[in-house]
Each structure stands twice: as structure tokens, then as C-alpha cells.
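K.L.:
Can you keep this structure in mind? I'll have questions shortly.
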Amino acid sequence: MNLELSPKEFALFKNLIYQEFGIALSERKKTLVQTRLRKWVQSLGLPNYEALYKHVEQNPHELVLLADAITTNVTSFFREESQWLFLEKHIPKTYSKTKRLRIWSSACSSGQEPYTIAMFLQEILPDAHTWDIKILATDLSYDILKKAQQGHYRAKDLEGMPKKLMNKYFSKTPDGLYAISKQLKEMIVFRSFNLVTGNYKLFSRPFDCIFCRNVMIYFDKPTQEKVIDNLVNLISPKGLLLIGHSESITRHDARISSVSPSIYEKRGA
Ligand SMILES: C[S@@+](CC[C@H](N)C(=O)[O-])C[C@H]1O[C@@H](n2cnc3c(N)ncnc32)[C@H](O)[C@@H]1O
């Protein structure tokens, strides 16, 4: 079946996606949206994309499926190496006295980011078992959160990971995948949260480190600024905001200063 997404249908989805997720789709994304939505239209036995739009309108709980259909979840373990080198010094220096850390991986995708955080902390803090560490991992997409929670990865996903870490933190499953250790899983809580429409008041305590990497690329400038503002509100003094290398914070915010490429520190106490 040749299902062409008409300009009117594209405009309908474009507006809905912007409204619900703050994701600004350019005209260039039309083919991608069409490819992603076509399977959904067909699986529901609908005649066209307009019918799918009506279906989503009448079943708002299915909006999350729309998010799954249009977002990209590319991620990897130990992504953005220079940030880990920075954290290796910053964390022991800043938190060794209190031994308390609250970290948020705010667009965690299939889990490689929060599991890297957990693994990394176990490696750099010889007495990690005596620290009070909690990692919150959130994403918009339910599908991807399920994968993250399961924590099973293909050999390909672990490419480049030192053997020592593989042996220590992964075990082989009967179907040839690599399962994350219980020890790392226990350090993380997974939840769904939409960075654009979510209620930031739900977070009663600030974080020492917020990872918001490779997700702002989806947002237009006003949305990026709103998200950054909400995140900075939630960072403790001397705490960090980490963004992706291809992202930037364009609006000056006197509460944070750049301390390394793609790393911002909150001023204060
Ligand atoms: C490219 S992945 C980045 C994963 C990881 N942070 C990294 O840097 O490797 C982007 C993730 O952002 C999520 N995402 C997109 N829009 C979002 C939103 N409004 N709120 C929360 N997560 C969102 C997607 O579901 C996807 O898993």
C-alpha cells in the first residue's frame, strides 16, 4: 500500500508533536515521519494518516506511542569521553565529605547513560558501597524505558568497553545477550518524564548532576530555554549540568558557568 503523507496530514502531526513533546519537526523530517507512522496506520487497518490523527486524539493515552514513533534513541556506553574525565576529578573532590550523590539522567534512552553513571561511580570511588548514591533515569518513551529497565544488550552495544568492566558488570544470557548486573540496577530508578510538558515540581530535592544530553537537539530555541531553566532550578550549588557536544546553551544564565566543554556548574554556596 502506498501511503503518502499529505502536507495537511504532516501539518497536523507536526503541530501535535510540537505541542505534546516540544519537538520541532522541519519539512525535511516529512519522509521520516511518514515511514515511522506508516506501520502504525497499517497495523490499525486505517485508510490514511488523518484517520490515525483522529485515533490519537480520541485515545490520548496513545500519545506515548507517537513519541516512540518519532524519537531517535541512539546512545552508547561512556558516550562523550571528556565528560567522564572531568567527573572523575570533580566527584571525589566535591562529594567525598558528604558521600551523598543524587544524579538524574533525564533522557536515558535504552539505559546506557544511567548504567554508565553507575558503573563509573563504582569504578572511581573505591568505597562506593559506603556512599549514599541514587540515580534517577527518565525518558519520554515507554518502549525505550522498558528496554532500559531490562538492561540486556547485544555484543555490538558493548563494543569498545574494557574487558574488565564487561566481566565485572555483565553476565551472558541464554540468548547470547549481555545482562547488566543487579548491583548496578539497584542504584537506578527508572520513570517516565517528559522534559517539555512534565511537572518539575514533582522533584522535591535538587540533583548534584543532571545529564540532559542529545535530546535538546529535538527542541526549538524557546523550548530549549524553558527546559534548561527548569533543570538549572533543580541543580544543587556546585552541581553540574551536562549536555551533548553538539548542543549549546544560547541564553546567558547567571546561575551557571561553563567549566568544561558541554559542562555547566551551578554557582553558589
Ligand atoms: C538520542 S537519545 C539520547 C540518549 C542519551 N541521553 C545519550 O546522550 O546517549 C534521545 C532520547 O531523548 C528522548 N526524548 C525526546 N524528547 C523527549 C522529551 N520531551 N522528554 C524526555 N525525553 C525525550 C528520546 O525518547 C530518546 O530516548
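The values are calculated or read from the model by the stated rules, or taken from the named source; none is laboratory data. Predicted, not measured: the structure shown is a model, and the values here were computed from it. Backbone-built Cβ (ideal geometry, glycine too); neighbour counts: all protein chains shown.
K.L.:
If we keep just the residues of region 182-192 that are modelled with pLDDT of 95 or more and in contact with a strand residue (DSSP E or B) (Cβ under 7 Å, 6 or more places away or on another chain), which is surrounded by the most Cβ atoms within 10 Å (Cβ to Cβ)? Before the answer, list the steps.
P.N.:
Filtering region 182-192 for residues modelled with pLDDT of 95 or more gives 182-191.
Then drop every residue that is not in contact with a strand residue (DSSP E or B) (Cβ under 7 Å, 6 or more places away or on another chain), which leaves 187-191.
On the way: Met187: 21, Ile188: 23, Val189: 12, Phe190: 19, Arg191: 11.
Checking each candidate, the answer is Ile188.
K.L.:
Let me confirm something: among Asn15, Asn48, which residue is polar (S, T, N, Q) and within 20 Å of Val196 (Cβ to Cβ)? Even if it seems obvious, please write down each step before you answer.
P.N.:
Details: Asn48 fails: within 20 Å of Val196 (Cβ to Cβ).
One residue alone meets the criteria, Asn15.
K.L.:
If you take the residues of region 75-110 that are of a type outside the set (Lys, Arg) and at positive phi, which of them is farthest from the ligand (Cβ to nearest atom)? So that I can check it myself, show each step before the final result.
P.N.:
First, pick out the residues of region 75-110 that are of a type outside the set (Lys, Arg): 75-78, 80-88, 90-92, 94-96, 98, 101, 103-110.
Restricting the remaining residues to those that are at positive phi gives 78, 80, 109.
Numbers: Phe78: 10, Glu80: 7, Ser109: 4 Å.
Taking the candidates together, the pick is Phe78.
K.L.:
Out of all the residues in region 139-161, which are more than 10 Å from the ligand (Cβ to nearest atom) and of a type in the set (A, V, I, L, M)?
P.N.:
Ala155, Leu158, Met161
K.L.:
Could you check region 150-181 and list, in sequence order, the residues that are closer than 29 Å to Leu234 by Cβ, buried (at least 18 other Cβ atoms within 10 Å of the Cβ) and not hydrophobic (A, V, I, L, M, F, W, C)?
P.N.:
Once the filter is applied, which keeps residues that are closer than 29 Å to Leu234 by Cβ, buried (at least 18 other Cβ atoms within 10 Å of the Cβ) and not hydrophobic (A, V, I, L, M, F, W, C), region 150-181 yields Gly151, Tyr169.
K.L.:
Moving to a separate point now. Within region 68-96, can you find the residues that are in contact (Cβ under 8 Å) with a residue 12 or more places away in the chain, in a helix (DSSP H, G or I) and under 21 Å from Ser109 (Cβ atoms)? Write out each step before concluding.
P.N.:
Step one: of region 68-96, the residues in contact (Cβ under 8 Å) with a residue 12 or more places away in the chain are 68-71, 73-80, 82-84, 86-88, 90-92, 94-95.
Now narrow it down to the ones that are in a helix (DSSP H, G or I): 68-70, 82-84, 86-88, 90-92, 94-95.
Across region 68-96, the qualifying residues are Asp68, Ala69, Ile70, Ser82, Gln83, Trp84, Leu87.
K.L.:
Looking at (1) loosely packed, with under 15 Cβ neighbours inside 10 Å; (2) without any contact (Cβ under 8 Å) to a residue 60 or more places away in the chain, find the lone condition where Arg205 falls short.
P.N.:
Of the numbered conditions (1) loosely packed, with under 15 Cβ neighbours inside 10 Å; (2) without any contact (Cβ under 8 Å) to a residue 60 or more places away in the chain, the odd one out for Arg205 is (2).
K.L.:
Test Val227 against the stated conditions and say whether it is surrounded by 13 or more Cβ atoms within 10 Å (Cβ to Cβ) and either more than 15 Å from the ligand (Cβ to nearest atom) or not assigned by TED's automatic domain parsing to the domain that holds Tyr95 (or both). Please lay out each step first, then the result.
P.N.:
On the way: surrounded by 13 or more Cβ atoms within 10 Å (Cβ to Cβ): yes; either more than 15 Å from the ligand (Cβ to nearest atom) or not assigned by TED's automatic domain parsing to the domain that holds Tyr95 (or both): no.
Answer is no for this residue.
K.L.:
If you take the residues in region 230-261 that are within 15 Å of the ligand (Cβ to nearest atom) and in a helix (DSSP H, G or I), which one is surrounded by the fewest Cβ atoms within 10 Å (Cβ to Cβ)?
P.N.:
My answer is Asn230.
K.L.:
Just for region 7-65: of the residues that are in a helix (DSSP H, G or I) and β-branched (Val, Ile, Thr), which one is nearest to Val227 (Cα to Cα)? So that I can check it myself, show each step before the final result.
P.N.:
Going residue by residue through region 7-65, those that are in a helix (DSSP H, G or I) are 7-21, 27-44, 49-58, 60-65.
Subset that is β-branched (Val, Ile, Thr): 17, 31, 33, 35, 41, 56, 64.
Details: Ile17: 16, Thr31: 28, Val33: 24, Thr35: 29, Val41: 32, Val56: 26, Val64: 19 Å.
The selected residue is Ile17.
K.L.:
If a residue must be closer than 22 Å to Leu140 by Cα, more than 16 Å from the ligand (Cβ to nearest atom) and outside any helix (DSSP H, G or I), how many such residues does region 181-207 contain?
P.N.:
5
K.L.:
In region 113-138, which residue that is within 19 Å of Met161 (Cα to Cα) and crowded, with 24+ Cβ neighbours inside 10 Å is farthest from the ligand (Cβ to nearest atom)?
P.N.:
Across region 113-138, the extreme among qualifying residues is Ala118.
K.L.:
Since Ser43 meets every condition but one in (1) within 15 Å of the ligand (Cβ to nearest atom); (2) of a type in the set (S, T, N, Q); (3) at negative phi, which condition does it not meet?
P.N.:
(1)
K.L.:
Condition first: within 16 Å of the ligand (Cβ to nearest atom) and exposed (fewer than 14 other Cβ atoms within 10 Å of the Cβ). Now tell me which residues in region 26-40 satisfy that.
P.N.:
Listed by number, the residues that qualify are Ser26, Leu32.
K.L.:
Right, next: Considering only region 208-224, state which residues are more than 7 Å from the ligand (Cβ to nearest atom) and either modelled with pLDDT of 95 or more or among the β-branched types (Val, Ile, Thr) (or both).
P.N.:
Let us first name the residues in region 208-224 that are more than 7 Å from the ligand (Cβ to nearest atom), namely 208-210, 212, 216-217, 219-224.
Those that are more than 7 Å from the ligand (Cβ to nearest atom) and either modelled with pLDDT of 95 or more or among the β-branched types (Val, Ile, Thr) (or both): Asp208, Cys209, Ile210, Cys212, Ile217, Thr223.
K.L.:
What's the number of the only condition in (1) closer than 30 Å to Arg100 by Cβ; (2) without any contact (Cβ under 8 Å) to a residue 60 or more places away in the chain; (3) not in a helix (DSSP H, G or I) that Asp175 fails to meet?
P.N.:
(1)
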